[in-house]
Amino acid sequence: MVLTPRFPHFLHGGDYNPDQWLDREDILEKDAEAMEKAHVNAVSLGIFAWDALEPEEGVYDFAWLDRVMDRLWRRGIHVILATPSGARPAWMAEKYPEVLRVNSEFRRNHFGGRHNHCPSSPVYREKVRGIDTALARRYASHPAVILWHISNEFSGDCYCPLCQERFRDWLREKYGTLDELNRAWFTGFWSMRYTAWSQIEPPSPMGQMSNLSLLLDWRRFSTWQCRDFISMEKEAVHACNPELPCTANLMEAFWDYDYFSLAEVLDVVSWDNYPAWRGGDDERVACGAALNHDMMYALKKQPFLMMESTPSNVNWHSVNKLKKPGMHLLSSMQAVAHGSQSVLYFQWRKGRGNAEMFHGAVLSHDGRSDTRVFRDVTEVGEILEKLDGKLYAADVPAARVCILYDWNCRWAVENAQTGLAHGMAYHETVLNHYHAFWRAGIPVTFCDMREETDLSGFSLVICPQLYLFMNGIEEKLRAFTEAGGTLVMTYFSGIADSTNLTFLGDAPHSLTDVFGVRETEMDALYPDEENTVVMDNGRTYRATGICSLLAEEGCEVAGTYGKDFYAGGAAITRNAYGKGTAWYIGARLDPDCLDDFYTSLASSLHLEPALDVSLPRGVIAHRRGDMVFLQNYSGKPAFFSLPGSWQDACTDEKVPDTVELPAWSVRMICKESLSGTGE
Ligand code: GLA
Ligand code: ZN
């Protein structure tokens, strides 16, 4: 699968803001020269350039962009062309205040910042369509342009009267009648019943935050708004050349919008990757980044682009560490190992002023290319060129493990006022379940609960906190297990339907016979409290946060609680169902316990690791095509031996039987027989 058919190669480069330097032709010339030196082959242009492109209403200035593009193209550098809707010119905000966003306290923002627009405003949409169309007419057939970059990191909600009206329309369409909405939202509670559509407002700290069904529908509506806005922009740029693919740069699995839904209107998924590397033992951070990469792959079940990453540090983490020597290549190659067709940065050159003047960049204020960062970046460019022939077209192995990750569920779980109140930690919980597979280099994918989700090809399906059951997921899970699949579900699953109304009856709803168990009560533990789970293999593990009480209905008990009034009661159960097995995990288990649990499941299910060898902690092997990426996140040098004979994919040299992998380093290796001079 090729994401950028006009240039079917690994992309290396990133956000380039010549619009900040229009009075410095000398610097722009040096940029192009230095890009070539750094093996940059693609840049993202014009992301925040609206004021330079349309300095006055309806007056477009493309002369500077023509010059920049031609200069880049002369050196063979490609362009990811942005639509500038992420930030708007001051003249527009002054003349049409309706383009500005209204905050959750129902107050209109002033001009400033970015992502500060109303997605409903007809004026804003007209202005965006105008500039997008003009850009497309001029550049959609320019040979340098390989991809549209729609806006930038969509986020947030608008509470203006127009958006409120759209929300009411959306609800009318969804529920048909107010009676139905009142039923689905359980508005008999606290005198919430609506008697006219006009009474419905978005959730706000100034008003209604206690109607959890409203909260859930507001997130769905906001996703729909964003999707609709992306579609509008896509239509505008595609009018000139429908062949040029579109992306919008997503963020890590991000709370605001359902990314599975947004991905449906994108041709290419791309994302901005900014892990907070600590520069010591970075195993957990690396696992988090890996999960996000796999999620981006999973959104469309196809490779993705890493649209941004920093060449050194950022300026918005709580502590902005530099990358340790080696970490730049390691984190870049991690993205590639998980299916990225690019390593792109924010930003090419540090600006002279304002909020990002101290954010890491390929070129700093000294403009020098004899720096550590520039050398690190150049090295990545060179390696991508070397690997291009062997790796670009190679896909990641098909996953036999699927984790259900659903934004609807996440919103509902984290808003649920129960157990740990606001500490249900959906994403973190998923990460704990993902860890064992990542550590072993066993491919994992993610699915949500959309109608089209098909679980039949998987061997193992994991449902952490699948609180909502919707769109017939329970029938799919039942059929999957019946046919021989292994199903794992945790506490707080199968509690409520798609509008967040609880089911009346046993939990997990309609699957109690599959698990042979009912979840009857959920106990919460204080942060300084813990329980234990004693496994039938004799091991004891820690449980923290949540311990649910399980009533056995024919299951086998694999682990029991060690303490409290429910000591001796079932904590982990196993049930044979049809040709398969269904596990229920009642407690929030320590990552160690989940690691052991899944390691043993993986071996009984013969899930293939990237390498059949046990690696030191923090050392990860991951496969893409025929290549294995050996990665060391442990913060110290690692020594281990490899099964079979391997060669280095960059140098073609034979890899010694005992490998030494320095701290924060990566090595790409291939089986000796599969590559080399003959290919
Ligand atoms: C985001 C934005 C960029 C820049 C970087 C800084 O990813 O898309 O414009 O602000 O963060 O890390
Ligand atoms: Zn609005």
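The values are calculated or read from the model by the stated rules, or taken from the named source; none is laboratory data. Since we're looking at a predicted model, the values are computed, not measured. Virtual Cβ from ideal backbone geometry, glycine too; neighbours counted across all protein chains shown. Remember, those area values only see protein heavy atoms, side chains included, never the ligands or the DNA or RNA. Shrake-Rupley method; radii C 1.70, N 1.55, O 1.52, S 1.80 Å.
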* Which one is most open to solvent (accessible area, probe 1.4 Å), of the residues in segment 217-261 that are within 15 Å of ligand 1 (Cβ to nearest atom) and among the acidic types (Asp, Glu)? -> Glu252
* Could you tell me whether Arg138 is touching a Gly at 6+ places or on another chain (Cβ under 7 Å) and touching a residue at least 60 places away in the same chain (Cβ under 8 Å)? => no
* To do: Sort out which residues of segment 18-50 are farther than 20 Å from Pro143 by Cα and within 16 Å of ligand 1 (Cβ to nearest atom), and write them in order of number.
  => Asp19, Gln20, Phe48, Ala49, Trp50
* Structure fact -> Residues of segment 537-589 being free of Cβ contacts under 8 Å to residues at least 40 places away in the same chain and of a type in the set (Val, Ile, Thr), in sequence order, are Thr540, Val557, Thr560, Ile572
* To do: Sort out which residues of segment 37-56 are part of a loop (DSSP other than H, G, I, E, B) and crowded, with 19+ Cβ neighbours inside 10 Å, and write them in order of number.
  => Ala38, Val40, Asn41, Gly46, Ile47, Ala49, Glu54
* Can you tell me which residues in segment 326-364 are in a loop (DSSP other than H, G, I, E, B) and open to solvent by 10 Å² or more (accessible area, probe 1.4 Å)? -> Gly326, Phe346, Trp348, Lys350, Arg352, Gly353, Asn354, Ala355, Glu356, Met357, Phe358, Ser364
* Based on what the data block shows, is Ala567 outside any loop (DSSP other than H, G, I, E, B) and either open to solvent by 60 Å² or more (accessible area, probe 1.4 Å) or over 28 Å from Lys323 (Cα atoms) (or both)? -> no
* **Residues of segment 395-441 satisfying the condition of being surrounded by fewer than 16 Cβ atoms within 10 Å (Cβ to Cβ) and either among the polar types (S, T, N, Q) or under 28 Å from Asn632 (Cα atoms) (or both)** => Asp395, Pro397, Ala398, Gln417, Thr418, Glu428
* Six or more apart or on different chains, Cβ under 6 Å: which pairs go from a residue in segment 6-35 that's among the acidic types (Asp, Glu) to one that's open to solvent by less than 10 Å² (accessible area, probe 1.4 Å) and at pLDDT 95 or above? Could you list them? => Asp15/Ser44; Asp15/Gln347; Asp19/Ala49
* To do: For Leu3, work out the one condition from (1) away from ligand 1 (no atom under 16 Å from the Cβ); (2) open to solvent by less than 60 Å² (accessible area, probe 1.4 Å); (3) assigned by TED's automatic domain parsing to the domain that holds Ala140; (4) touching a residue at least 60 places away in the same chain (Cβ under 8 Å) it doesn't fulfil.
  => (3)
* To do: For Phe458, state whether it is surrounded by fewer than 23 Cβ atoms within 10 Å (Cβ to Cβ) and within 22 Å of Gly554 (Cβ to Cβ).
  => no
* To do: Restricting attention to helices (runs of 4 or more DSSP H) lying wholly within segment 57-141, give those where 1 or more residues are surrounded by fewer than 22 Cβ atoms within 10 Å (Cβ to Cβ) and within 16 Å of ligand 1 (Cβ to nearest atom).
  => none
* Do we find a residue being surrounded by 23 or more Cβ atoms within 10 Å (Cβ to Cβ), at pLDDT 95 or above, closer than 26 Å to Leu601 by Cβ and not hydroxyl-bearing (Ser, Thr, Tyr) anywhere in segment 376-390? -> no
